[in-house]
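See structure below.
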Amino acid sequence: MATVVPLPGASSSALASRRSSQSSTIVRTTPLLKRATRRFSSALVFMGWRGGWAPIGRRNVAVCAASSSSNFPPSTLPAALLFDCDGVLVDTEKDGHRISFNETFDEKELGVTWDVDLYGELLKIGGGKERMTAYFNQVGWPEKAPKTEEQRVGFVASLHKRKTELFMALIEKKLLPLRPGVERLIDDALAKGVKVAVCSTSNEKAVSAIVSFLLGSERADKIKIFAGDVVPRKKPDPAIYLLAANTFGIEPSSCVVVEDSAIGLAAAKSAGMKCIITKSGYTAEEDFIDADAIFDCIGDPPKQHFDLEFCANLLKKQRVKFIYHG
């Protein structure tokens, strides 16, 4: 049986009184949560809006949920599932983008190398061109770089173009696999009429290559891509997610986002969307306190962590937090 955790500061007698006098605050388990209890090996729960972290016993999931009635209505599917690309569809950063940046720097004889730890710090800056510019501004521009700001913009753009070519060649070789559960969740969404898009700060050609080569042309034809400079401000700004909702003609509140980073989470929440975090190699220790759910990955059976039904339930449960550690 799932563990039920009262809201912080509420005694059992107070809860009983509330149940009898009003229905605005309810602590209950649902069939979905009971299934989740059998599925998850251990979990933590964030209790209410301003509670704290509470460790829960192994094989238990703790939940605090609020509803206007004791019986939840049937699930309403999200209008759209919006996926980040790097770290969500594929764990591309360490052995994909970073390698391609370094190969570009070597080709141009810039004397620059981004090691694993440094690149992890640079990922806090959204966008490859922005990342290089911020790095060079901080440590100094290479001797071969132009001297004027206008020329440097073109210089960085040329570096990024070559980096994208090298990255696309790597993707075409299919050396980086899709993360577990990505195909399953996308297929389920498309089969049920849920719109699917990939919203990324990465170059559009690089994102398209990942979608086409790793997900296949049949899926790619049904997936909308919003990437690169399609918006003037990149994550954590919500512009790219708002653009996706506007393009689809749907309310942001009807969308569920799958992200892996704190800046992506900030973008999704600022857009008024639910956000599930699937942690990646570089982002595992980031602060995801505002996430609606946190998992190691989407997962495939028998280690499936969530599905489309779970996404649907997020839209109607306003005070549920799942944090899974496999």
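Residue-level check: of (1) at pLDDT 95 or above; (2) at negative phi; (3) surrounded by fewer than 19 Cβ atoms within 10 Å (Cβ to Cβ), Asn71 misses just (1). Looking for something among the aliphatic types (A, V, I, L, M), closer than 20 Å to Glu130 by Cα and touching a helix residue (DSSP H, G or I) at 6+ places or on another chain (Cβ under 7 Å) - is there at least one such residue anywhere in the range 243-258? Within the range 243-258, none of the residues are among the aliphatic types (A, V, I, L, M), closer than 20 Å to Glu130 by Cα and touching a helix residue (DSSP H, G or I) at 6+ places or on another chain (Cβ under 7 Å). Kindly establish whether Ile210 is aliphatic (A, V, I, L, M), closer than 19 Å to Gly264 by Cα and open to solvent by 10 Å² or more (accessible area, probe 1.4 Å). Taking the combined requirement at face value, the residue does not satisfy it.
Every residue in the range 267-294 that is of a type in the set (Gly, Ala, Ser) and either under 10 Å from the mean Cα position of the chain (by Cα) or crowded, with 20+ Cβ neighbours inside 10 Å (or both), please. Don't jump to the end; show me each part of the working.
Narrowing the range 267-294 to residues of a type in the set (Gly, Ala, Ser): 267-268, 270-272, 280-281, 284, 291, 293.
Scanning the range 267-294 gives Ala267, Ala268, Ala271, Ser280, Ala291, Ala293.
Only one of the numbered conditions (1) open to solvent by less than 20 Å² (accessible area, probe 1.4 Å); (2) in the same structural domain as Asn102 (by the TED database); (3) not small (Gly, Ala, Ser) is not met by Phe226, and that is (2).
The criterion of at least 2 residues that are closer than 24 Å to Gly126 by Cα and in contact with a Ser or Thr (Cβ under 7 Å, 6 or more places away or on another chain) is met by the following strands (runs of 3 or more DSSP E) wholly inside the range 180-293: 223-227.
Can you name the number of the only condition in (1) among the acidic types (Asp, Glu); (2) surrounded by 15 or more Cβ atoms within 10 Å (Cβ to Cβ); (3) at pLDDT 95 or above that Glu204 fails? With respect to (1) among the acidic types (Asp, Glu); (2) surrounded by 15 or more Cβ atoms within 10 Å (Cβ to Cβ); (3) at pLDDT 95 or above, Glu204 is out only on (3). In the range 133-158, what residues are of a type in the set (A, V, I, L, M), in contact with a Lys or Arg (Cβ under 8 Å, 6 or more places away or on another chain) and either farther than 17 Å from Asp106 by Cβ or assigned to a loop (DSSP other than H, G, I, E, B) (or both)? Matches in the range 133-158: Ala145, Ala157. Within the range 106-119, the set of residues being touching a residue at least 24 places away in the same chain (Cβ under 8 Å) and either in contact with a helix residue (DSSP H, G or I) (Cβ under 9 Å, 6 or more places away or on another chain) or buried (at least 16 other Cβ atoms within 10 Å of the Cβ) (or both) comprises Glu107, Lys108, Leu110, Gly111, Val112, Tyr119.
In the range 164-186, is there at least one residue being open to solvent by 30 Å² or more (accessible area, probe 1.4 Å), more than 18 Å from Glu93 (Cβ to Cβ) and under 22 Å from the mean Cα position of the chain (by Cα)? Taking every residue of the range 164-186 in turn, at least one turns out to be open to solvent by 30 Å² or more (accessible area, probe 1.4 Å), more than 18 Å from Glu93 (Cβ to Cβ) and under 22 Å from the mean Cα position of the chain (by Cα). Being part of a loop (DSSP other than H, G, I, E, B) and either crowded, with 16+ Cβ neighbours inside 10 Å or among the charged types (D, E, K, R) (or both) is the requirement here; does Glu309 meet it? So Glu309 fails the test.
The values are calculated or read from the model by the stated rules, or taken from the named source; none is laboratory data. On a predicted model such as this, the values are computed, not experimentally measured, just so you know. Ideal geometry is used to build each Cβ from the backbone, glycine not excepted, and the neighbour counts take in all protein chains shown. The area values use the complete protein model at the heavy-atom level, side chains included, leaving out ligands, DNA and RNA. Shrake-Rupley method; radii C 1.70, N 1.55, O 1.52, S 1.80 Å.
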